[in-house]
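Encoded as structure tokens, the structure appears first; notes follow it.
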Amino acid sequence: MFPGALSFRIKKLEETLGTRLFHRNYHHLILTTSGKLLLPEAIAILKAHDKMLNRAHRIESRETISLGVPEDLTRPLFKHFLAQQEDLGDKVSIDLTMRLCRDLIDMVDDDRLHLVIATVPPEHYGGEQITTQNLCWVASPDFKYDPTHPIPLALHPQRCIYRDLILSVFETSGINYRIAFSAHGSMSVQAAVIAGMGITVIAEGMIPPELVVVPAGWNLPNLGVTDIRLFKGGSLTPGQLEFANTLKEVFGQSL
């Protein structure tokens, strides 16, 4: 900045503040008493200004990541991963989609999502392994089990992997059952189970505190295990790949 322009700005600032900030001579400027008193405030304002600009630049440069997750995985995702990444909001903007796992996998295969975390049977092809979990029958602690009546089930709708597995093992075992409740969202299914409407299946590690694993004495069919895998779209940026690798490592350790 040219000396004349600087002198003009100092003069305008002094007029705005209503006080003289510098003693002037031909060689240099010396702060007046008012200038010395206001200097810390001026420094603080400049630091806040620089911080705001840096923040704005980081927000502008953030990458958007479209992430697909089944609803029953959102609680551990937020609790054990997103909440632990302190500077995550400065790096990426997350667009979250919650659907059934089969729908999410279709979406990432079609490049409508960048990343998907999904629960799939061990024999399912594709994706990168995050962890493997036992599948558990769960019920409300107050649920009254009566082996002389068909077992009431709370399930997801068609295309749900768990639903297909549950109905298959019941048909194979010959155990009588009835579908007491069906809903698209995991939270709705879990709410029905908490209310005592029936039992359902949840992967170990994702069972909410309001529900318990049913006693072995009920002799319900063994459901085996489920894989939790990470599926990636076909054209990810280096930043999106870095996020995917961190997600796979940190989230897997938390489950």
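Coordinate-derived values only; no laboratory data. Note that the coordinates shown come from a computational prediction; the quantities given were computed from them, not determined experimentally. Using ideal geometry, Cβ is built from the backbone for each residue, glycine included, and neighbour counts are taken over all protein chains shown.
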- Query: Between Leu113 and residues 5 or more places away or on another chain, which pairs have amide H atoms under 5 Å apart, with H built 1.01 Å from N, and which residues are they?
  - Reply: Val108
- Message: Which of the three applies to the stretch 147-188, rounded, prolate or oblate, going by the alpha-carbon gyration tensor with a ≥ b ≥ c and a/c under 1.5 meaning rounded?
- Response: oblate
- Note on the structure: Note to self: C-alpha centroids of the stretch 209-255 and the stretch 7-27 sit apart, in Å, by 64 Å
- Query: Taking amide H positions as placed 1.01 Å from N in the peptide plane, with prolines and chain starts having none, which residues 5 or more places from Leu153, or on another chain, fall under 5 Å of its amide H?
  - Reply: Arg178, Ile179, Ala180, Phe181, Ile199
- Query: Once you put a point 7 Å from the Cα of Ala216 and another 7 Å from the Cα of Ser254, both along the Cβ direction, what distance in nm separates them?
  - Reply: 3.2 nm
- Query: For the stretch 99-182, which semi-axes, largest first and in whole Å, follow from the square roots of 5 times the eigenvalues of its Cα gyration tensor?
  - Reply: 30, 13, 13
- Amide H proximity to Gly196 below 5 Å, modelled H, separation 5+ or other chain, gives Ser140
- Task: State whether the stretch 132-226 is rounded, prolate or oblate according to the following rule on the C-alpha gyration tensor (a ≥ b ≥ c being the square roots of its eigenvalues): a/c under 1.5 gives rounded; otherwise a/b larger than b/c gives prolate, and the remaining case gives oblate.
- Result: rounded
